[in-house]
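Here the structure is laid out as structure tokens; the discussion comes afterwards.
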Amino acid sequence: MRKKDFETFVRERRWSWILTYTFIAILILMVFFFSLKRVPGYSIKESVVFGTRVKIVVSSKLAGRIIEAILQDMRRIDRKFDPYDERSVIYRINNSNGEWVEVDNEVLFVLKKALYFAEITGGAFDPTVGVLVKLWGFNDGNYRIPSDEEIRDALKHVGYENVEISGNKVRLKNGALLDLGGIAKGYAVDRAIQIAKRYDQKATGFIDAGGDIGIIGPKFGGSDWVIGIRNPRYKENSDETIDVVYMKDGAIATSGDYERYFIKDGKRYHHIFNPKTGYPSHGIISATVIAQSCADADALATAIFNLGLDYSLMYIPRFGGQAFIVTEDSKIHRTKGFGYFEKPH
Amino acid sequence: MVREALFYEELNDNTIRCTLCPHRCVLEDGKKGICGVRMNRGGVLYTLNYGELTSIAMDPIEKKPLFHFYPGTEILSISTWGCNMKCKFCQNWEISQQRPAVRRVDPERIVRIAMEHGSKFIAYTYNEPIVWFEFVLDTSRLAAKEGIRNVLITNGFIEPEPLKLLLQTIHAVNIDLKGFNEEFYRKECLGELEAVKRSIEMVYEAGVHLEITTLIVPNGNDNVNELEEEFKWIASIDPDIPLHISRYFPNYKYTEPPTPKEKLISIYERAREHLNFVYIGNLWDEKYENTYCPDCGELLIRRVGYDVELVGIDEEGRCKRCERKILKHL
Ligand code: SF4
Ligand code: SF4
């Protein structure tokens with residue numbers, strides 16, 4: 001073969017190769033786009049409820065309607081359980097001077113759950129710390145450090161034994177005040193999952209209400225959601241995480257001393273109270289719990305602050321949760337079973 | 001959601017031993033127990049079926065079977081998947097030996113469903129509730145608080161400590177006693193007779209309502225003389241314990257034809273020599289489903305299918321004619 005012919009031949013061959021490659025590339029791209037179309041897209045909406053940022057992530061044919069219904073229901077629960085809203089049922093109970101107040105099944109349900117956790121944690125979780133919340137100014141932001149005497153007086157009105165239920169009636173003894181804040185928020189997340197499923201059994205996604213997270217269903221129908229646990233000592237409004245967990249279902253809630261607090265004379269006073277001492281609990285600065293339902297996870301995360309590290313590590317798994325705890329000295333502790341969630345499955 | 005199991009001990013190198021049932025499986029990291037629903041991950045035992053529901057239905061309580069516990073009522077019956085025994089004749093193998101489609105629920109949901117349906121009872125049944133331990137415990141605790149009575153339909157193959165804990169919130173139990181032959185138990189069911197006997201005694205001693213079911217498996221556990229030992233043993237605890245002799249139908253890996261009617265009747269008659277209340281299940285013959293007074297022979301409870309009529313029983317649960325005590329719960 002002459003040299004020129006050979007070059008032409010090579011050039012032509014090259015062209016045909018280029019054409020073949022282009023064709024294959026187009027084919028791959030087509031397959032890629034085709035498959036992309038079949039992966040469900042996620043609708044995301046953020047809003048503010050329970051005085052915190054709420055994020056809803058849903059994939060469903062009915063995503064728009066689901067998100068609307070969830071937000072509406074969350075606002076409803078927020079109003080219903082807000083102890084400082086005069087129209088709320090908790091306000092009514094708190095201001096009935098110890099008289100019986102008739103409540104509906106939903107209130108009974110959340111209240112019984114709160115009392116259940118109070119009982120099993122020996123009062124480490126207590127829904128009657130309302131008097132302390134008020135005394136320290138966490139209800140309206142007029143923070144102050146009360147005197148020992150004031151605290152001693154307030155403690156007389158604290159204690160979940162003061163809540164009495166009879167049939168569908170509730171009353172508070174001893175001037176106790178209910179504050180179902182955290183557990184009501186967790187309950188709202190559990191409801192949100194039910195709402196999503198009622199609209200569409202196949203819906204997937206999650207709801208994050210200020211650190212109370214409930215999974216509607218696994219990502220793209222089969223993968224884990226990767227959830228970061230916030231570093232409790234990082235800058236305000238930042239998202240730096242100190243751990244990640246992988247979840248396809250269930251719920252996770254974090255309570256931290258950074259959520260609501262004030263600093264006086266270099267000391268931090270936060271919103272999680274010890275019902276025995278009347279002071280913000282100390283020793284633990286952040287507690288994360290993974291549990292079946294978000295209300296459970298929230299109640300247990302709060303309880304950890306007062307149970308203390310050793311008891312928490314021992315008992316939280318018995319109560320159906322797994323815990324990740326950061327102590328004052330910035331050390332991380334976890335129940336042994338927490339490890340399961342730190343790996344993808 | 002996976003959940004940490006309540007009963008296990010750590011051995012070494014992330015190896016653990018499950019202490020829920022007498023298999024006491026020793027599990028290396030990543031291994032599942034015989035039941036298929038408990039798994040070691042990194043030295044922690046997890047249950048895989050917490051909150052996983054395979055069926056939920058309102059049933060007549062007689063269908064469980066329970067004949068002397070609130071006769072004629074309806075009971076919310078729920079089940080999950082998995083079982084710690086492997087009976088070759090399992091009548092529920094679709095859910096006991098594999099994982100079918102599940103629905104996720106939490107204990108409150110179950111209690112609420114029971115209340116909404118006006119059911120004062122919840123039965124943990126169909127597959128084996130022992131391997132659903134944590135869920136049954138949580139649900140029964142909540143239910144008991146609401147005045148709901150909990151019923152366990154079980155093979156009784158459980159260690160004493162967890163059984164004791166569970167019995168605190170269980171009100172009635174029906175235990176499957178699969179004959180009186182240790183070899184049959186081991187070979188055909190992968191269970192142990194002695195362990196099941198121990199559970200039966202514990203349930204009785206705890207004062208929890210107890211009934212016993214024996215499925216008669218042809219060429220398996222159907223030797224009448226051997227069964228007589230079972231009847232005598234039950235009678236030695238209390239001859240008033242109701243015994244359900246149940247007819248077997250070919251299922252799963254067992255292909256013998258159904259138990260012949262005559263066989264069932266002859267076993268029934270032998271049982272009656274020792275026990276006061278014996279019934280035959282799956283035969284659909286009223287005569288063997290009715291309750292008669294063991295003292296005076298009066299017809300006390302008529303059962304036609306699941307139609308139940310208390311004809312000869314007074315409000316105190318006694319025979320109207322001779323006042324013999326029959327029912328403690330009605
Ligand atoms: S419950 Fe399951 S894992 Fe535990 S001992 Fe029994 S069969 Fe083994
Ligand atoms: S014990 Fe019951 S559920 Fe389990 S394998 Fe045997 S028959 Fe089936």
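The values are calculated or read from the model by the stated rules, or taken from the named source; none is laboratory data. All values derive from a computational prediction rather than experimental measurement. Glycine gets a Cβ as well: all are built from the backbone with ideal geometry, and neighbour counts include every protein chain shown. For accessibility, only protein heavy atoms count, side chains too; no ligands or nucleic acids. Shrake-Rupley method; radii C 1.70, N 1.55, O 1.52, S 1.80 Å.
Some points to look at:
- Whichever residue in the range B:29-75 is free of Cβ contacts under 8 Å to residues at least 60 places away in the same chain and hydroxyl-bearing (Ser, Thr, Tyr) and, among such residues, is farthest from residue B:191 (Cα to Cα): B:73
- Evaluated against (1) surrounded by fewer than 24 Cβ atoms within 10 Å (Cβ to Cβ); (2) at negative phi; (3) within 16 Å of ligand 1 (Cβ to nearest atom); (4) of a type outside the set (Ser, Thr, Tyr), residue B:74 falls short on exactly one condition, (3).
- Output for the range B:278-294, where each listed residue is open to solvent by 40 Å² or more (accessible area, probe 1.4 Å), in contact with an Asp or Glu (Cβ under 9 Å, 6 or more places away or on another chain) and in a loop (DSSP other than H, G, I, E, B): none
- Test: residue in the range A:244-256 that is more than 14 Å from every other protein chain (Cβ to nearest Cβ), of a type in the set (Ser, Thr, Tyr) and in a loop (DSSP other than H, G, I, E, B): no
- Within the range B:258-273, residues that are β-branched (Val, Ile, Thr) reach partners that are in a helix (DSSP H, G or I) with beta carbons closer than 7 Å, at six or more positions or on different chains, in the pairs B:267/B:224; B:267/B:227.
- Residues being within 19 Å of residue A:48 (Cα to Cα) and assigned to a strand (DSSP E or B) are represented in the range A:182-205 by at least one member.
- The residue that is farthest from ligand 2 (Cβ to nearest atom), among those in the range B:33-47 that are open to solvent by less than 10 Å² (accessible area, probe 1.4 Å), among the β-branched types (Val, Ile, Thr) and within 25 Å of the chain's Cα centre (by Cα), is B:47.
- Condition met for residue B:56 (more than 13 Å from ligand 1 (Cβ to nearest atom), open to solvent by 30 Å² or more (accessible area, probe 1.4 Å) and either among the aliphatic types (A, V, I, L, M) or part of a strand (DSSP E or B) (or both)): yes
- Taking the range B:86-96 as the range and being surrounded by fewer than 19 Cβ atoms within 10 Å (Cβ to Cβ) and either within 14 Å of chain A (Cβ to nearest Cβ) or part of a loop (DSSP other than H, G, I, E, B) (or both) as the test, the residues that pass are B:86, B:88, B:91.
- Selection status of residue B:211, assigned to a strand (DSSP E or B), closer than 14 Å to residue B:271 by Cβ and out of contact with any helix residue (DSSP H, G or I) (no Cβ under 7 Å at 6 or more places or on another chain): yes
- Selection from the range B:1-26 of residues that are farther than 24 Å from residue B:107 by Cα, among the hydrophobic types (A, V, I, L, M, F, W, C) and more than 7 Å from ligand 1 (Cβ to nearest atom): B:11, B:16, B:26
- Check on residue B:312, at pLDDT below 95, over 23 Å from the mean Cα position of the chain (by Cα) and at positive phi: no
- Single condition residue A:301 does not satisfy, out of (1) under 14 Å from residue A:210 (Cβ atoms); (2) open to solvent by 20 Å² or more (accessible area, probe 1.4 Å): (2)
- Helices (runs of 4 or more DSSP H) contained in the range B:102-171 and holding at least 3 residues open to solvent by less than 30 Å² (accessible area, probe 1.4 Å) and in contact with a strand residue (DSSP E or B) (Cβ under 7 Å, 6 or more places away or on another chain): B:107-116, B:133-145
- Residue check for residue B:136: within 14 Å of chain A (Cβ to nearest Cβ), within 16 Å of ligand 1 (Cβ to nearest atom) and of a type in the set (A, V, I, L, M): yes
- Conditions (1) in contact with a strand residue (DSSP E or B) (Cβ under 6 Å, 6 or more places away or on another chain); (2) more than 16 Å from residue B:124 (Cα to Cα); (3) more than 16 Å from ligand 2 (Cβ to nearest atom); (4) in the same structural domain as residue B:186 (by TED's automatic domain parsing): number failed by residue B:88: (3)
- Annotation: residue B:20 fulfils all but one of (1) within 17 Å of the chain's Cα centre (by Cα); (2) assigned by TED's automatic domain parsing to the domain that holds residue B:276; the unmet one is (2).
- Flag set for residue A:234, criterion: open to solvent by 10 Å² or more (accessible area, probe 1.4 Å), at pLDDT below 90 and within 29 Å of residue A:344 (Cα to Cα).
- Checking each residue in the range B:16-31 for being within 14 Å of chain A (Cβ to nearest Cβ) and either open to solvent by 20 Å² or more (accessible area, probe 1.4 Å) or within 16 Å of ligand 2 (Cβ to nearest atom) (or both) picks out B:29, B:30.
- Residue in the range B:200-216 that is over 26 Å from residue B:135 (Cα atoms), more than 15 Å from the chain's Cα centre (by Cα) and of a type in the set (A, V, I, L, M) present: yes
- Restricting the range A:237-288 to residues that are under 17 Å from the mean Cα position of the chain (by Cα) and among the basic types (Lys, Arg), the residue that is least open to solvent (accessible area, probe 1.4 Å) is A:248.
- Residue count, the range B:225-255 (criterion: at pLDDT 95 or above, open to solvent by 30 Å² or more (accessible area, probe 1.4 Å) and touching a helix residue (DSSP H, G or I) at 6+ places or on another chain (Cβ under 7 Å)): 3
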